[in-house]
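K.L.:
Dropping a structure here in structure tokens format, bear with me for questions.
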Amino acid sequence: MDALPVASPAPFVHQVGAVFRIEVVRIMRPRHSLPAFLLAALPVGVAVVVSTQVTLDRGGAFPAVFYNLLLGVTVFFGCAFIFTKLFRSEILERTLHYYLLAPIHRDALLLGKYAAGVVVSWVLFGGATVLACVLLFGLPGGAMPWEWMASLLQDLGTTLLACLAYGAVFLLFGLLFANPILPVAGLLAWEGLHFLLPPTLQALSVRYYLGALTSVPLPVPDGPFAILARSPLPWVSMLTLLALTVAGIALAAWRLRRLEIRYTDD
């Protein structure tokens with residue numbers, strides 16, 4: 001493991017920055033995040049296939065590629081791979097004690113790791129968002145290039161909020177559970193079936209709020225599912241996802257402050 005460049009107690013922000021620089025390099029190593037890299041390529045590959053089909057409505061295909069595939073599969077599983085391993089992999093590799101023995105605040109350690117995970121995940125999945133948008137809509141041209149750019153920025157913001165919210169949840173899973181696979185699978189089932197739940201329970205799903213933030217409105221089904229498919233207001237979605245992010249980080253920080261390393265237990 002790389003040596004932590006903090007020889008004596010430093011200001012909190014400097015400690016966060018030191019951890020951030022180390023963790024970005026560690027996360028980018030293929031053995032740590034290769035599945036996330038492969039997942040980022042998945043929606044791009046699908047967009048390439050769709051873009052070659054002249055009979056398909058590319059604009060109509062974008063919500064399926066972006067919401068169902070990129071947000072529902074790529075970002076979900078990619079963040080699960082990246083964030084659950086931020087602490088869990090170091091516990092399994094018996095290297096976390098190097099951080100805990102250094103003169104560094106545990107909250108700074110958590111924020112540095114989390115920020116590194118957010119940056120790497122957003123670069124990967126935000127890049128996939130840009131490529132999918134270009135492949136399905138083409139580069140901006142004509143009289144309204146700003147409209148194209150505004151839609152792209154909106155979808156990039158939605159991807160960032162997804163990384164923030166899922167990242168905070170999976171970071172917490174990595175600290176709470178010795179084997180995060182089962183809680184991740186439970187969350188996957190909940191997220192995948194959220195549209196079948198009563199409106200009150202739908203509000204407990206991340207995807208419920210992400211659907212209100214896409215640049216291309218999601219198609220509303222006919223019949224009894226039309227009422228269940230109603231989305232919240234965009235500003236409500238943004239505030240809710242940010243509140244979930246803060247709550248997840250706060251709980252993860254609380255858990256980390258009480259964490260005792262017993263490698264023999266893992």
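The values are calculated or read from the model by the stated rules, or taken from the named source; none is laboratory data. This is a predicted model, so every value here is computed, not measured. Here the Cβ positions follow ideal geometry from the backbone for every residue, glycine too, while neighbour counts run over all protein chains shown. Heads up: the accessible areas ignore ligands, DNA and RNA and are worked out on the full protein's heavy atoms, side chains in. Shrake-Rupley method; radii C 1.70, N 1.55, O 1.52, S 1.80 Å.
K.L.:
Give me the pairs, please: first residue somewhere in segment 67-86 and under 13 Å from Phe173 (Cα atoms) and open to solvent by 20 Å² or more (accessible area, probe 1.4 Å), second residue anywhere and small (Gly, Ala, Ser) and in a helix (DSSP H, G or I), beta-carbon distance under 6 Å, and either six or more positions apart or on two chains.
P.N.:
Close Cβ pairs (under 6 Å, with a partner that is small (Gly, Ala, Ser) and in a helix (DSSP H, G or I)) amount to Phe81/Ala36.
K.L.:
Among the residues of segment 46-62, is any open to solvent by 30 Å² or more (accessible area, probe 1.4 Å), in contact with a Leu (Cβ under 7 Å, 6 or more places away or on another chain) and modelled with pLDDT of 85 or more?
P.N.:
Taking segment 46-62 and keeping what is open to solvent by 30 Å² or more (accessible area, probe 1.4 Å), we get 46, 48-49, 52-58, 60.
Subset that is in contact with a Leu (Cβ under 7 Å, 6 or more places away or on another chain): 46, 48, 58.
Filter once more, so that each one left must be modelled with pLDDT of 85 or more: 46, 48.
Scanning segment 46-62 turns up at least one residue that is open to solvent by 30 Å² or more (accessible area, probe 1.4 Å), in contact with a Leu (Cβ under 7 Å, 6 or more places away or on another chain) and modelled with pLDDT of 85 or more.
K.L.:
Has segment 99-116 got any residue that is over 28 Å from Ala250 (Cβ atoms) and in contact (Cβ under 8 Å) with a residue 24 or more places away in the chain?
P.N.:
no
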